[in-house]
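Single-structure report; data block below.
The values are calculated or read from the model by the stated rules, or taken from the named source; none is laboratory data. Since this is a predicted model, take the numbers as computed values, not measurements. Here Cβ is always computed from backbone atoms with ideal geometry, including for glycine, and neighbour counts include all displayed protein chains. Accessible surface is based on the protein model in full, side chains and every heavy atom, while ligands, DNA and RNA are left aside. Shrake-Rupley method; radii C 1.70, N 1.55, O 1.52, S 1.80 Å.
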Amino acid sequence: MRTAVLAVQGAFIEHERRMKELGVECFEIRQKRDLDQPFDGLILPGGESTVMRKLLHELDLFGTLLDRIRSGMPVFGTCAGLLLLAQNVENAEGFEPCFATMDLTARRNAYGRQLGSFHSEEPFGTLGNVPMTFIRAPFIESVGPEVEVLARVDGKIAAARQGNQLVTAFHPELDPDRRIHAMFLEMMRGR
Ligand code: GLN
């Protein structure tokens, strides 16, 4: 199994660390020719969604990655990565839809500037409680019928899955718990 990690901006190294701990080979996508390598899954990290979206287009990565996501290749978006996959974004503050492959509405910087970052531990799907680190996070306001809700924090949707697309509003890569990355690995294996 090989995972590609979008590495144009943001917190990509921590994702690579988690996947490597699970025995998965990782490589970074920084420019168009990196897409020539084979890969079984893609991680869209946290960072600044407006910048990532801009670079995806400027570096001509967008079309190829969109085709791969649409064809069912597993993708895991955290925080800004969630926004890149969302069909609709509220409180967008200059962000425009990017891949727009997940039938959900996200709210950008949803917790306001006062509560920029916080930590919690909440149930996640069938995994039991998992640590959740939020950094100027979005939350998911609503989801379409194809989307499974995996976690809620304060009643707000913080993680979801639609087919081979997995998103978390928080940063599982920043905590030592590897179970969500292991879940993504299972999605890659299942394909
Ligand atoms: N607030 C950022 C954005 O809207 C996301 C923050 C993050 O990825 N930690 O792009």
Q: Could you check which residue among N129, N109, N164 shows the biggest mean-square fluctuation in a GNM of the chain with a 10 Å Cα cutoff?
A: N129
Q) Using only the Cα atoms of region 142-191, what do you get for the radius of gyration and for Dmax, in Å? A) 11.5, 33
Q.
For L127, what accessible surface area do you get with a 1.4 Å probe? Give it in Å², rounded to 10.
A. 50 Å²
Q.
If I ignore ligands, DNA and RNA and count only protein heavy atoms, how much of D60 is accessible to a 1.4 Å probe, in Å² to the nearest 10?
A. 90 Å²
Q: Determine, from the Cβ-Cβ distance of K156 and L22 and an R0 of 35 Å, the FRET efficiency 1/(1 + (r/R0)^6), rounded to the nearest 0.05.
A: 0.75
(Q) Give me the three principal axis extents of region 51-129 from the C-alpha atoms, as integers in angstrom, largest value leading. (A) 37, 32, 20
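With each run of n ≥ 4 DSSP H residues scored as -39500 (n - 2.57), what mean residue ellipticity at 222 nm is computed for the chain after dividing by its residue count and rounding to the nearest 500 deg cm²/dmol?
After summing the helix terms and dividing by residue count, I get -6500 deg cm²/dmol.
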Q: Work the Kirkwood hydrodynamic radius out for region 1-91: mean of 1/r over every pair of different alpha-carbon atoms, inverted, in Å.
A: 13.2 Å
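Given a 1.4 Å probe and heavy atoms of the protein chains only, how would you sort T101, T64, T126, largest accessible area at the top?
I get T126, T64, T101, largest accessible area first.
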Q. Taking the DSSP beta bridges in the chain as the whole, what percent of them are antiparallel, to the nearest 5?
A. 50 percent
Q.
Please report the accessible area of K156 (heavy atoms, 1.4 Å probe, ligands and nucleic acids excluded) in Å², nearest 10.
A. 70 Å²
Q: Using only C-alpha atoms and all pairs of different ones, pull out the Kirkwood radius for region 1-51 in Å with one decimal.
A: 11.1 Å
(Q) Cα atoms only: what Rg and Dmax, in Å, come out for the chain? (A) 15.0, 43
